[in-house]
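For reference, the structure discussed in these notes is given below.
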Amino acid sequence: MGYTITEKILLKHTKLKDIHPGEFIDAKIDLCLGNDITAPFAIEEFEKLGAKKVFDRNKVVLVPDHFAPAKDMKSANQCKILAKFAKQYGIKNYFEVGRMGVEHALLPEIGLVLPGDLVIGADSHTCTYGALGAFSSGVGSTDLAAAMAEGEVWLRVPESMKFVFFGKLNKWVGGKDLILHTIGDIGVDGARYRAMEFCGEVIESLEMDDRLSMCNMAIEAGGKNGIIAPDKITSRYIRSIKKKARPGLGRAYASDPDAKYCLVKEYDVRTIEPLVACPNLPSNVKPVKALKDVSIDQVVIGSCTNGRISDLRIAAKLLKGKKVKSNVRLIIIPATQKIYLDAVKEGLARIFVEAGGVFSTPTCGPCLGGHMGILAAGERAISTTNRNFTGRMGDPKSEVYLSNPAVAAASAIKGKIAHPDEVI
Amino acid sequence: MPIKGHAYRFGDDINTDEIIPARYLHTTDKAELAAHCMEDADKQFARKVRAGDVIVAGKNFGCGSSREHAPVAIKAAGVSCVIAESFARIFFRNSINIGLPIIESKEAAARIRAKDTIQVDTAKGFIKNVTRKEKYRIEKYPPFMQRIIKAGGLMESMKKRRA
């Protein structure tokens, strides 16, 4: 019996000769990651363990991105814990404000993650890097502490699910809609403990930014990891990185033709329209066209899901020469400093500001109700982020709808949830 | 801590934002986290809960973020055990890693009602519903996880190994 790409990567990171779903393994890691919310706990545990040094100072990544630039004194203290630890232990990959970005946009952008890697991060959206053909999965702070000390993580080998996308994409439909469609189909626990492998002709021609959006939200279906086999688009993406953090192109794995899947789903993308996930679960998915007169108070375009340059280009295309509806706040957050600068160079920042929007420094900010756009009771937002749980963006009596950047931008102009065709 | 107390009932897909909202994540102080435990699912929970009490929920408990603050808040609030039809994976591993007893039991999750008195004997492998005079059998953890649980968490198990 053959292996899936996930099983192959996991096997390669153990001393085992064979690997099976359900089995527990201790795996070597290529990279571990923490942020200003999860790393302070990990650092406490690391110090209690009495570890004198980290297992490899090139393989620990610390990014203050959630409540940074520090939103209040307590957050400032959390960020300080990271900076101090990084200095004390010689952590090479610590990214200070001004050089940082939303972690899951930053790491691929600078080439810190390569195909074939095994990455764990104390952040649930660590699954994003599966877009590069790596195994990457979110864990907790204690796992991060253990990984920083010993370079290993315990894992249960997941069963794999295969999602095959075929047909031709409709206008305004991107990776975000494909993953929302998938989560809507299988539910928020449909891939619990499992690997989600995305493939088919649609995925093969999908650009990296869309692939990252898709793998990013594997966790929203309960998945352990999302993964796409590396191909020409992957190597082109990695080659295009200037001043790459690591040499080489990584190692490309692919699933064997006789690999075993616990479920195979085939989706004809011609049936997929721009979608929104309605409150309060990412699986509560409806076509934009099915929503009538859902007024909004705020629009957020950004995050590790959809804060990349191609997302901002789409938003700018719709917003160019238009105005944000008078009673609506549009908040646009490029996910990294590079994306910020590219948006300025390409004239996107000007389009956003002239339309009446806010153009912010990179931060996770409002996505998790941190700062930079918190909702009051009774307010409603449409956002390109990844979760719409009760109270996610602020008051427990506020509401969040999730969409792609085109739908979010169109909605900002109309003042209600709108299809991009309504403004272009 | 012995696992005996009253049951607090919650539904399906209780997520980490409800267990401990992000507005309280700017600290690692356990008492402060405990004071806001389950706040967006039940505002009064932290005030009502007593040491030993048990959370009983439906499917996919703890879905969402990786924040270990979620099981930490539950444990620090005095909850002795979480019983659910199923758990989201990061919450599950975080609980094992920090030594918060959690039990997956479809039967118990379906039968237990709010305020029932619940007693758990992990060694003998059963949940006792004192109020309803019922017993629900629980599956043993795989040996790999038992090692971590027995040590009281991942760090304790590592400390033993490193000593």
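For (1) crowded, with 16+ Cβ neighbours inside 10 Å; (2) among the hydroxyl-bearing types (Ser, Thr, Tyr); (3) within 14 Å of chain B (Cβ to nearest Cβ), each residue gets a yes or a no:
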{"site": "A:HIS13", "(1), (2), (3)": "yes, no, no"}
{"site": "A:ASP18", "(1), (2), (3)": "no, no, no"}
{"site": "A:ASP30", "(1), (2), (3)": "yes, no, no"}
{"site": "A:LYS53", "(1), (2), (3)": "no, no, yes"}
{"site": "A:VAL61", "(1), (2), (3)": "yes, no, no"}
{"site": "A:ASN77", "(1), (2), (3)": "no, no, yes"}
{"site": "A:ALA83", "(1), (2), (3)": "yes, no, no"}
{"site": "A:LYS87", "(1), (2), (3)": "no, no, no"}
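Please tell me if A:MET148 is at pLDDT 95 or above, crowded, with 24+ Cβ neighbours inside 10 Å and more than 19 Å from A:ALA131 (Cα to Cα).
Numbers: at pLDDT 95 or above: yes; crowded, with 24+ Cβ neighbours inside 10 Å: yes; more than 19 Å from A:ALA131 (Cα to Cα): yes.
Taking the combined requirement at face value, the residue satisfies it.
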For this session: Considering every residue within region A:137-144, establish whether at least one is modelled with pLDDT of 95 or more and within 20 Å of A:ILE228 (Cα to Cα).
Result: yes
Exercise. B:ALA31 fails exactly one of the following numbered conditions: (1) away from every other protein chain (no Cβ under 14 Å); (2) crowded, with 21+ Cβ neighbours inside 10 Å. What is the number of that condition?
Worked result: (2)
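Name every residue in region B:1-27 that is facing another protein chain (nearest Cβ under 9 Å) and either crowded, with 22+ Cβ neighbours inside 10 Å or under 21 Å from A:GLU399 (Cβ atoms) (or both), in order of residue number. Write out each step before concluding.
Within region B:1-27, the subset facing another protein chain (nearest Cβ under 9 Å) is B:12-13, B:15-18, B:21-23, B:25-27.
Matches in region B:1-27: B:ASP12, B:ASP13, B:ASN15, B:THR16, B:ASP17, B:GLU18, B:PRO21, B:ALA22, B:ARG23, B:LEU25, B:HIS26.
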For this session: Go through (1) crowded, with 19+ Cβ neighbours inside 10 Å; (2) in contact with a helix residue (DSSP H, G or I) (Cβ under 9 Å, 6 or more places away or on another chain) and name the single condition A:GLU399 misses.
Result: (2)
Exercise. How many residues, within region A:145-164, are within 12 Å of another protein chain (Cβ to nearest Cβ), in contact with a helix residue (DSSP H, G or I) (Cβ under 6 Å, 6 or more places away or on another chain) and within 29 Å of A:VAL269 (Cα to Cα)?
Worked result: 0
For this session: Specify the residue that is nearest to the chain's Cα centre (by Cα); the eligible residues are those in region A:350-392 that are farther than 27 Å from A:ALA76 by Cβ and in a helix (DSSP H, G or I).
Result: A:PHE352
For this session: Need at least 3 residues that are modelled with pLDDT of 95 or more, more than 30 Å from A:ASP231 (Cβ to Cβ) and not assigned by TED's automatic domain parsing to the domain that holds A:GLY151 per element, so show me which strands (runs of 3 or more DSSP E) inside region A:17-124 make the cut, counting only ones lying wholly within it.
Result: none
For this session: Identify the residue in region A:122-144 that is in contact with a strand residue (DSSP E or B) (Cβ under 9 Å, 6 or more places away or on another chain) and at the interface with another protein chain (Cβ under 8 Å from one of its Cβ atoms) and, among all such residues, is nearest to B:ILE148 (Cα to Cα).
Result: A:ASP143
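The values are calculated or read from the model by the stated rules, or taken from the named source; none is laboratory data. Note that the structure is predicted; figures quoted are calculated from it, not measured. No Cβ is skipped: glycine too gets one built from the backbone with ideal geometry, and neighbour counts run over all protein chains shown.
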